[in-house]
Amino acid sequence: MEVQSSETLSISESEDIVLVRQAVRKKAVGLGFNLVDQTKIVTATSELARNTLEYGGGGTILIQTVQNGRRGGLRLTFEDQGPGIADVALALKDGYTTGNGMGLGLSGAKRLSDEFEIETAPGKGTRVSILRWRSA
Amino acid sequence: MERIPILKMGEFLLVSIQVDMHDRLALTLQDDLTAGIVKHRARGVMIDISALEMVDSFIGRMLSNIANMARLLDAQTVVVGMQPSVAITLVELGLPMRGIPTALDVEKGIALLDAAIRGASGNGSAVL
Amino acid sequence: MLSTSSRLPEILKNHREALLKEWISLQLAAIGRRTNAATEQSLKTDSSDFLTYFADAAKADGFTNLQGEKWNALRDFLNNLSSSRAKEGFTPTETASFIFSLKQPLFMRFRAEIGDPNALTEEIWNTTLVLDTLGLFTTEAFQRTREETISRQQQELLELSTPVVRLWENVLALPLIGTLDSGRTQVVMQNLLEAIVATRSDIAIIDITGVPTVDTLVAQHLLKTVAAARLMGADCIISGIRPQIAQTIIHLGVDLSEVTTKATMADAFQVALSRAGMTITRSDLRPTK
């Protein structure tokens, strides 16, 4: 898999979530994503960006366009230096209906993406990476 | 500060969300609508989201909150015009959005509110 | 491969008629009872054309490079031949045999005309190589045509089996036919949701009478579609659930409790009409006098 372009944006206030959504939408459109795929990745972006802001105390998003053979895709990496997540399994298990907590954004974003990776530990911050391929 | 305009239509309040809302704007809308229901003694609230290309869990929660608060104030809510790709994404996201009546467009939304209110003035609110 | 002293071009030219006659009768014998006047005629034309192209190319170029320019005419001819044979329902073997069957009459000619055993062996060997390559070429061309046909048919089938029908004002029906795979189901469901918006229909009937089996993925897609339609303000009714499918759904643990289901599309249509607040009454028929 090769990276074709990279862009880093900062997430430090509420308005940034909108800016980041718009940037991701633009990239997805440029890659030729269909409308449903665009909506899914933009929604996942919104969830994760909000997490980065609210629970991570602010951070960055790295937007990369990637290519794997003939398939094009969009990879987004959200990083913060916040408190980190103690129990990732639990955070991922929580669906929306169980109320507040990290689970809201994380499990949803995972469902909306083709690939999902998370690196986190208490006191070590959090890095979440999602990838969506362009549908054939 | 920027606000989303709320229109009064007889006993109903109509909101049409045209912009990509940031969180604070959404919270302001929530407050404005609640205040508006009280001030105008509105019986119904219609939220038109046909221009929204994305609804995430925050906006979903906002809509739920509005519906719940309206119900407490004896007003009916209906959300209209959700786009197919938004609906598909919300289902995938796992957002149930239960308890919020929906309609395809403004016209059907008004018909729904009318029916609900007529029913409510009988023996309690209509089941939607 | 073919040296300039090859006798092939000369033999092809001088003994053309005899070669053609023997070759054609061999082919007809191979096809046997499927022969009719039309087949015979096209066979004669094809064989004659082949010999002409073959002779021209061999003379101009020898057999050094079958992909080369001098062989274009022959390759095009074989492509077309293979294509039409594929469409007419011939097997790839039958099509390749068209070329292979030329060996016998040709080699008999070689034996008659070439005295020197070494020269004879060389001619037969070189010619064999060429004819084999040409035979394989027709097989590949044949396969390509078949694949294009299958792909086109699949596309047509897909389009045919996913129509969205407007049954009545506000009522849509989606009669699904054939096996559903995950990818196709997603596309079909998206089309339904878009049709709901376009026609402003509150009710959509998804009929699965024509679906032989339903697996977990497909059942989930169906449920997701129903949920999405509801978020948009429309209701879905699933009809045509056959006993076997009902059993599968229960076994899979899929929860259909929130979805209205009916055994037949007719039942579903009745429900749809009554939900839309409509009733059907019979008008009085007065006999005309």
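What to note about this one:
- Residues being on the phi < 0 side of the Ramachandran plot and more than 12 Å from the chain's Cα centre (by Cα) - total across segment B:78-104: 15
- Consider segment C:153-182 and keep the residues that are more than 19 Å from residue C:241 (Cα to Cα) and within 14 Å of chain B (Cβ to nearest Cβ). The one that is surrounded by the fewest Cβ atoms within 10 Å (Cβ to Cβ) is C:169.
- Test set (1) surrounded by 19 or more Cβ atoms within 10 Å (Cβ to Cβ); (2) more than 20 Å from residue B:90 (Cβ to Cβ); (3) hydroxyl-bearing (Ser, Thr, Tyr); (4) within 14 Å of chain B (Cβ to nearest Cβ) - residue C:185 fails condition number: (2)
- Selection status of residue A:45, touching a helix residue (DSSP H, G or I) at 6+ places or on another chain (Cβ under 7 Å), of a type in the set (Ser, Thr, Tyr), surrounded by fewer than 21 Cβ atoms within 10 Å (Cβ to Cβ) and under 19 Å from residue A:8 (Cα atoms): no
- Search result, residues across segment C:193-228 that are touching a Pro at 6+ places or on another chain (Cβ under 9 Å), hydrophobic (A, V, I, L, M, F, W, C) and more than 19 Å from residue A:111 (Cα to Cα): C:193, C:196, C:197, C:205, C:206, C:208
- Filtering segment A:3-36 to residues that are of a type in the set (Asp, Glu) and over 22 Å from residue B:23 (Cβ atoms) leaves only A:7.
- Looking only at segment A:45-61, and only at residues there that are out of contact with any Lys or Arg (no Cβ under 8 Å at 6 or more places or on another chain) and under 15 Å from residue A:131 (Cα atoms), the one that is farthest from the other protein chains (Cβ to nearest Cβ): A:61
- Within the set B:46, B:62, the sole residue that is of a type in the set (A, V, I, L, M), more than 10 Å from chain A (Cβ to nearest Cβ) and in contact (Cβ under 8 Å) with a residue 60 or more places away in the chain turns out to be B:46.
- Positions within segment C:223-250 being of a type outside the set (A, V, I, L, M, F, W, C) and either at pLDDT below 85 or under 35 Å from the mean Cα position of the chain (by Cα) (or both), in sequence order: C:224, C:225, C:239, C:240, C:242, C:243, C:244, C:247, C:248
- Residue B:103 vs. criteria of a type in the set (Gly, Ala, Ser) and either more than 9 Å from every other protein chain (Cβ to nearest Cβ) or out of contact with any helix residue (DSSP H, G or I) (no Cβ under 8 Å at 6 or more places or on another chain) (or both): no
- Boolean, residue B:3 is modelled with pLDDT under 95, in a helix (DSSP H, G or I) and away from chain C (no Cβ under 13 Å): no
- The set of residues in segment A:71-89 that are part of a strand (DSSP E or B), under 16 Å from the mean Cα position of the chain (by Cα) and either basic (Lys, Arg) or under 16 Å from residue A:55 (Cβ atoms) (or both) comprises A:75, A:78, A:79, A:80.
- Residue match in segment C:222-238 (condition: in contact (Cβ under 8 Å) with a residue 12 or more places away in the chain, acidic (Asp, Glu) and farther than 20 Å from residue C:182 by Cα): yes
- Meets criteria (facing chain C (nearest Cβ under 10 Å) and in a helix (DSSP H, G or I)) for residue B:67: no
- Here C:197, C:214 are screened, and the one residue that is assigned by TED's automatic domain parsing to the domain that holds residue C:249, farther than 16 Å from residue C:166 by Cβ and hydrophobic (A, V, I, L, M, F, W, C) is C:214.
- Residue under evaluation residue A:70, criteria (1) in contact with a Lys or Arg (Cβ under 8 Å, 6 or more places away or on another chain); (2) more than 23 Å from residue A:19 (Cα to Cα); (3) at pLDDT below 90, criterion not met: (1)
- Residue in segment B:89-99 that is closer than 22 Å to residue A:49 by Cα and of a type in the set (Val, Ile, Thr) present: yes
- Qualifying positions in segment C:50-69 - under 23 Å from residue C:19 (Cα atoms) and without any contact (Cβ under 8 Å) to a residue 24 or more places away in the chain: C:52, C:56, C:57, C:60, C:61
- For segment A:29-44, taking the residues that are of a type outside the set (Phe, Trp, Tyr) and more than 9 Å from every other protein chain (Cβ to nearest Cβ), the one that is nearest to residue B:83 (Cα to Cα) is identified as A:41.
- Qualifying residue in segment C:142-151 (condition: surrounded by fewer than 17 Cβ atoms within 10 Å (Cβ to Cβ), touching a residue at least 40 places away in the same chain (Cβ under 8 Å), more than 25 Å from residue C:30 (Cα to Cα) and in the same structural domain as residue C:24 (by TED's automatic domain parsing)): yes
- Of all residues in segment B:70-100, those that are surrounded by 24 or more Cβ atoms within 10 Å (Cβ to Cβ), more than 9 Å from chain C (Cβ to nearest Cβ) and without any contact (Cβ under 8 Å) to a residue 24 or more places away in the chain total 0.
- When residue B:36 is tested against the conditions (1) within 14 Å of chain C (Cβ to nearest Cβ); (2) part of a helix (DSSP H, G or I); (3) modelled with pLDDT of 95 or more, the lone failure is (1).
The values are calculated or read from the model by the stated rules, or taken from the named source; none is laboratory data. All values reported here derive from a predicted model rather than from experimental measurement. Every residue, glycine as well, gets a Cβ built from its backbone with ideal geometry; the counts of neighbours run over all protein chains shown.
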